[in-house]
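Data first, discussion second: the structure below is written as structure tokens.
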Amino acid sequence: MNVAAHSVPASARLLEVHSLGKSFFKPDGDALVVLEEVNLALARGEIVGLLGRSGSGKSTLLRLIAGLDAPSRGMVRYMGAPVDGPAPGISMVFQGFALFPWLTVLGNVQLGLEAMGLPEAELRKRSLAAIDLIGLDGYESAYPRELSGGMRQRVGFARALVVHPNILLMDEPFSALDVLTAETLRNDFLDLWGRGELPIGAVLLVTHNIEEAVQMCDRLLIFSTHPGRVVSEIPVDLPHPREPFDPHVRALVDRVYVEMTARPRQSREGARAERPVMVGIGTPLEHVSTNLLAGLLEAVSEPPYGGRADLPAIAHALHMEGDDLFPVAETLQLLRFAEVEGGDIRLTEAGLTFARSDTDERKALFAQHLMAHVPLAAHVRRVLDERSSHRAPKSRFLDELEDHMAEEAAEQSLRAVISWGRYAEIFAYDDQRQVFSLENPA
Ligand SMILES: Nc1ncnc2c1ncn2[C@@H]1O[C@H](COP(=O)(O)OP(=O)(O)OP(=O)(O)O)[C@@H](O)[C@H]1O
Ligand SMILES: [Mg+2]
């Protein structure tokens, strides 16, 4: 189903992404499917948010849309024409800007226009206007090293705006800034947008910050992982400015949490799009520290929650963004210490017991659940038990895992199992020699 593409009437579409797919090839020749069947459309005048987990392929998608990389399947259409190279009229704002240190603010902004072959006077006029618009008036001749992080990011915005892009792609543009600076820049951006002062047709904003997405966007697209595709669309029909504690804003934030923690649903496209369910050691694990796992169990077990909590509420209480919280909640679910459903987390009996126990009891309970519910941990332990040396190099498991997943995911899964196994004392791991052993455990 073309969820996101069908909600924009064909005549209004500035940009269309059709059945887009992207695979990268691993050194062994196997394909890593990053994007599959991505469909979306952007209409003039809208800010659309794309929310997805780390590694789901959001940046890859933006690069394909901007024509900076070629898709493996499907196509991108911009104003009706296929995109097959860097598209004029589409510009990008990144998380951190590589400003040229030897160029002034004006010089850095003018770079955005260089390819357009404008007369010198026009170049200067437009650049100064962009600098002014984004609140850097008076800093034209400053060098990047003289600017704060927030101001440098403003230069990045000015460089993207100066071309008067029809489509502005923003890849987590506020995530490298401190909370207050991000807030100010977001508000300034929305203010200019609301007054129609930005020379932009439409915006596609990639973020993992749910609150930010709800504050800024007219429509949200939720992106799945492995592979990345648009799995649902949420319209945001709320007037601006949107206050963080407005009940309508809260309700929407809740809804996004529910969508983002939903278990993969039966695909409506039938078996073709169905992903094989990975079981056993082939399940990629997120590297979540046992401190975080214990911290969340404790927080949810205590008043006012008493074993069940609303995910946005607990994220707020723990000063975490949803994106940081999901892997923790999901790992607790994997270990059967909690259930995540409908945007809530509910501790199981074992989870409650863990929260009430002392350190040794916790370790014993964790070990039991780790061996029972994380096949990779049990597998490592079995291999060590079976070898007379009770030792095995990390590479032995890495090679095995790479038959099931990308190198990065294999590394991450092993790192997870190493830290959990050490905590549970089911095996030891020597960081320097990169060797597992049964040396310390009882
Ligand atoms: N050029 C490349 N070669 C091989 N793999 C790549 C390449 N670019 C991206 N990938 C892989 O594609 C996947 C998606 O990466 P991408 O950067 O698009 O994700 P993302 O959603 O933007 O993540 P984040 O939220 O962390 O920014 C990752 O597993 C990454 O390792
Ligand atoms: Mg990214």
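Every number here is computed from the coordinates shown, using simple stated rules; none is lab data. Note that the structure is predicted; figures quoted are calculated from it, not measured. Using ideal geometry, Cβ is built from the backbone for each residue, glycine included, and neighbour counts are taken over all protein chains shown.
Sorted largest first, the principal axis extents computed over the alpha-carbon atoms of the range 72-193 equal 43, 37, 27 Å.
Of the GluC sites (Glu not before Pro) found in the range 124-205, those in coil by DSSP whose Cβ has at most 12 other Cβ atoms within 10 Å are Glu197.
Please give every one of the lysines within straight-line cross-link reach of Lys22, meaning a C-alpha to C-alpha distance under 22 Å, and leave out same-chain neighbours fewer than 8 residues apart. The qualifying lysines are Lys58.
When a/c is below 1.5 the answer is rounded, else prolate if a/b is larger than b/c, else oblate, so apply that to the range 281-437 with a ≥ b ≥ c taken from the square roots of the Cα gyration tensor eigenvalues. Before the final figure, lay out each step's value.
Values: a/c = 2.45, a/b = 1.72, b/c = 1.42.
Because a/c hits 1.5 or more and a/b exceeds b/c, the range 281-437 counts as prolate.
Take the Cα of Gln368, step 7 Å toward its Cβ, do the same at Ala10, and the gap between the two points is 6.2 nm. In the chain the longest region clear of trypsin sites (Lys or Arg not before Pro) that are loop-assigned by DSSP and have at most 15 other C-beta atoms within 10 Å covers 45-194. Toward the positive end of the charge dipole of the range 78-167, with +1 on the Cβ of Lys and Arg and -1 on the Cβ of Asp and Glu, the farthest Cα among Pro101, Val83, Ala130 is that of Pro101.
Summary of the geometry: the range 345-364 and the range 55-89, compared by the centres of their Cα atoms, lie 48 Å apart. The modelled label-to-label distance between His240 and Glu298, using points 7 Å beyond Cα along the C-beta direction, is 4.2 nm.
Take Ala142, project a point 7 Å from its Cα along the Cβ direction, then tell me which residues of the range 152-175 have their backbone nitrogen under 16 Å from it. Residues passing the 16 Å test: 152-159. Cross-link partners of Lys394 among lysines, defined as those whose alpha carbon lies under 22 angstrom from its own and excluding same-chain residues fewer than eight positions apart: Lys26. Charging the Cβ of each Asp and Glu at -1 and of each Lys and Arg at +1, and nothing else, the dipole of the chain about its Cα centre rounds to 700 debye. Volume per residue of the convex hull around the Cα atoms, evaluated for the chain, comes out as 172 Å³.
Under 17 Å of direct C-alpha separation, and excluding same-chain neighbours fewer than eight residues apart, Lys125 reaches these aspartates and glutamates: Glu114, Asp137, Glu140, Glu197.
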